[in-house]
Amino acid sequence: MDAAAVLAALVPSWSAVVVLLAYLGYLAAAGAVLPGKLVAGAVLPDSSRLHYRCNGLLSLLLLLGLTALGVYMGWMSPTVVADRGLELLSATFIFSVLVTFALYFSGLNSRHKSSSLKPHVSGSFIQDWWFGVQLNPHFMGVDLNQNCVTLGHIGMSPNTVFFFVRAGMMAWLFINLSLFAKSYLAGSANLSVILYQFFCAWYIIDYFVHEEFMTSTWDIIAERLGFMLVFGDLVFIPFTFTIQGWWLLSNKVELPLLAAVANCFIFLIGYLVFRGANKQKHVFKKDPKALIWGKPPKVVGGKLLASGYWGIARHCNYLGDLLLALSFSLPCGASSVIPYFYPTYLLILLIWRERRDEARCSQKYKEIWVEYCKLVPWRILPYVY
């Protein structure tokens, strides 16, 4: 496809806009009405507390069922997303820009004093638009950042669940499924394609199975909702994390059996480390006395967990995430660097984030952090970094 054809394909059609709005509308409705476990979030500075309705898995399964029904009845093509990929990319980007401008101006006019809705204005338009003005902005009664039930001294707000994060994660899966349908219909769904699809599908579905673990992450607790998060969730995650799938659609890779087995091993190790570390952190925050690997947890200064994965490296979950990202790209072979964009990007991002986390923790915990660093000297990869 030449440059002129790419530019033409980037012009969003009305059908792409309809697909996008129908998708987002479904997520808003499903998040609001489907049942789910209520999980208590962090206590905010004003003593209010967010309770999250974690019904992401049910929303995903219902949407998969509706999509399968639509394909079976002939109401839609299984390759509709793959066929309109560039149109959907541009439509989603434009939507992200418009939404964040609306969030910015709405936040500036807010007179709320609660931690969720209080405006945080630096005076710089670019900074405030990029990072956001409010922590949990509302649109037509819907909490757009966490999409949660807010319980506390200010009462209760209507609920959905992690709207933008959920939208990005589900879109990643549906783009991949549409790409797989296109490969299958073309007769090119070989071992490489199947491994890539399986690894990503497992990761995404597992995310929704353990959705409540997100409630204790920094992104959810403290990040305001601006262009950085909206674009990252709606555009960057689904359209760049699927680069491997797009690449395999036009490049046939015959993966040797030994390479496939090694790829599965890397995925398994990455998954166990990533999921195990995040689970240990989540459980520790809920119950500091809960056993870690069958033993009482070792705690530094009464605050920092130094047992299990967190006694091996201070950011061991990042190691698991990097191994998973690598396993998504390995089915593409070694003939091009293009499929390795995701693990490369993630490596840079997590090192930057690790440095930012270290600085924040050093300032917050002071001497306790120094003691913890002596006890757990490795940042991400033991004996290397």
Quiz prompt | Quarter of the Cα convex hull surface for region 162-317, i.e. its orientation-mean projected area (nm²) | solution = 11.1
Quiz item: Where the centre of each part is set by its Cα atoms, how far does region 78-97 sit from region 161-194, in angstrom?
Solution: 14
Quiz item: Measuring from label point to label point, each 7 Å out along Cα→Cβ, what is the residue 206 to residue 353 span in nm?
Solution: 1.6
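Contour minus end-to-end for residue 261 and residue 287, with contour as 0.36 nm per residue of separation and end-to-end as the Cα-Cα distance?
On the way: separation 26, 0.36 × 26 = 9.36 nm, distance 3.80 nm.
My answer for the length gained is 5.6 nm.
Subtract the Cα-Cα distance of residue 190 and residue 385 from 0.36 nm times their separation in residues, and report this length gain in nm to one decimal. Walk me through the numbers on the way to the answer.
Working: separation 195, 0.36 × 195 = 70.20 nm, distance 3.68 nm.
The span from residue 190 to residue 385 would gain 66.5 nm if fully extended.
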Practice problem: For region 234-310, report the convex hull volume of the alpha-carbon atoms normalised per residue, in Å³, without decimals. | Solution: 125
Exercise. For region 245-370, evaluate the Debye formula with one uniform point scatterer on each Cα (no solvent term) and list log10 I(q)/I(0) at q = 0.12, 0.14, 0.17 Å⁻¹, rounded to two decimals.
Key: -0.58, -0.73, -0.92
Quiz item: Computed FRET efficiency, Cβ-Cβ of residue 105 and residue 228, R0 22 Å: what is it to the nearest 0.05?
Solution: 0.80
Quiz item: What FRET efficiency, computed as 1/(1 + (r/R0)^6) with R0 = 22 Å and r the Cβ-Cβ distance, is obtained for residue 364 and residue 40, rounded to the nearest 0.05?
Solution: 0.50
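Report the extension gain between residue 10 and residue 69 in nm, rounded to one decimal, defined as 0.36 nm multiplied by the number of residues separating them, less their alpha carbon distance. Display every interim value, and only then the final one.
Details: separation 59, 0.36 × 59 = 21.24 nm, distance 2.91 nm.
Going from the current span to full extension adds 18.3 nm.
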Quiz item: Measuring from a point 7 Å past the Cα of residue 375 along Cα-to-C-beta, which residues in region 293-321 have an amide N at less than 17 Å?
Solution: 293-316
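Readers should treat all values here as calculations from the given coordinates under stated rules, not as data from a laboratory. Keep in mind that what you see is a predicted model, and the values were worked out from it rather than measured. Note: ideal-geometry Cβ built from the backbone for every residue, glycine included; neighbour counts use all protein chains shown.
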